Every structure is written in structure tokens, then in C-alpha cells.
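Participant: So that we are looking at the same thing, I have put the structure below in C-alpha cells.
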Amino acid sequence: MPWNLNSDRPIFIQIIEKIQMDIISGAYRPGDKLPSVRELAQEASVNPNTMQKALSELERTGLVYSQRTSGRFITEDTIMIDQLKSELAKEVVTEFLETMQKLGFQREETISLLEKAIGVEPEGGDGNDTGM
């Protein structure tokens with residue numbers, strides 16, 4: 001997945017978010033070894049000190065851990081990863097609902113739009129979904 005970093009927010013925060021997303025999406029699996037700071041910095045086109053700062057923060061949260069001579073690894077705590085996934089999903093949904101409200105949509109209208117988008121028969125339909 002490309003890094004797509006921009007200057008509107010601190011770069012190290014964007015790096016943290018990118019690595020978190022890679023973990024919850026399965027790009028990095030529990031127990032996987034991360035590339036070195038230099039490798040990641042080169043891949044992201046950032047200063048190694050910035051990458052180090054982001055990785056240190058991920059270590060502080062417990063999502064990543066260091067082994068003295070072996071490098072950094074993704075936590076094997078799948079419960080922690082699932083909790084992170086749920087937290088990020090809740091943030092995305094909350095942001096979406098706030099945006100829809102700013103656009104003038106009421107809760108019911110937003111739900112109806114979502115149902116149409118995913119192909120679910122709205123409540124009160126005839127229940128006869130032919131898939132067309």
C-alpha cells in the first residue's frame with residue numbers, strides 16, 4: 001500500500017496510522033518482523049528520525065515490540081489488534097455520520113442511502129429480493 005503522506009498533518013502521525021492500517025488489514029500479521037527503520041524511512045521517503053519517532057510511539061502502545069538484536073515485531077495480541085480495528089471503524093463511522101449530517105441528511109436518510117449502496121432491501125420492503 002502506498003504511503004501517500006501529505007503536509008497537512010504531522011508526518012509521524014500519518015506513519016503511525018499507515019502502520020496501524022497495515023496491521024489491521026493483514027498486510028502485517030501478528031508476530032511479523034517489521035523492516036528496519038532505514039528501510040521503512042526509505043520506502044516512505046521520510047527522515048529516519050521521523051520513522052523512529054513513529055515506531056517508538058507504536059511500541060509505547062504495545063502494538064509493536066522490540067527484540068534487542070532482532071528488530072521490531074508486530075504484537076501477537078490479536079485481542080489488541082481487534083480492539084484497534086473496532087476503534088478505527090468507530091472513528092470512521094462517526095466521521096461519516098457527522099459529514100452526512102453537515103450535508104443535511106437525517107439519520108434515517110443516511111441509513112436508507114447505505115442500504116441502497118450495499119443492496120439491502122430497506123425496512124418495509126416486500127422482502128422479495130431477486131438480486132436485480
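Participant: Anything in region 36-82 that is part of a helix (DSSP H, G or I), of a type outside the set (S, T, N, Q), more than 15 Å from Lys18 (Cβ to Cβ) and open to solvent by less than 80 Å² (accessible area, probe 1.4 Å)? List them, or say none.
Facilitator: At the first step, the residues of region 36-82 found to be part of a helix (DSSP H, G or I) are 37-44, 48-61, 78-82.
Those left that are additionally of a type outside the set (S, T, N, Q): 37-41, 43-44, 48, 51, 53-55, 57-60, 79-82.
Applying the additional criterion that residues be more than 15 Å from Lys18 (Cβ to Cβ) yields 38, 48, 59-60, 79-82.
Within region 36-82, Pro48, Glu59, Met80, Ile81 qualify.
Participant: Let me ask another. Taking region 19-35, which residues are without any contact (Cβ under 8 Å) to a residue 24 or more places away in the chain and in a helix (DSSP H, G or I)?
Facilitator: Result: Asp22, single match.
Participant: Looking at Glu95, Glu109, which is the one that is modelled with pLDDT of 90 or more, over 24 Å from the mean Cα position of the chain (by Cα) and surrounded by 10 or more Cβ atoms within 10 Å (Cβ to Cβ)?
Facilitator: Being modelled with pLDDT of 90 or more, over 24 Å from the mean Cα position of the chain (by Cα) and surrounded by 10 or more Cβ atoms within 10 Å (Cβ to Cβ) holds for just one of Glu95, Glu109, which is Glu109.
The values are calculated or read from the model by the stated rules, or taken from the named source; none is laboratory data. Bear in mind that the values here come from a model prediction, so they are computed numbers and not experimental data. Here the Cβ is made from the backbone with ideal geometry for all residues, glycine too, and neighbour counts use every protein chain on show. These accessible areas exclude ligands, DNA and RNA; they are computed on the full protein's heavy atoms, side chains included. Shrake-Rupley method; radii C 1.70, N 1.55, O 1.52, S 1.80 Å.
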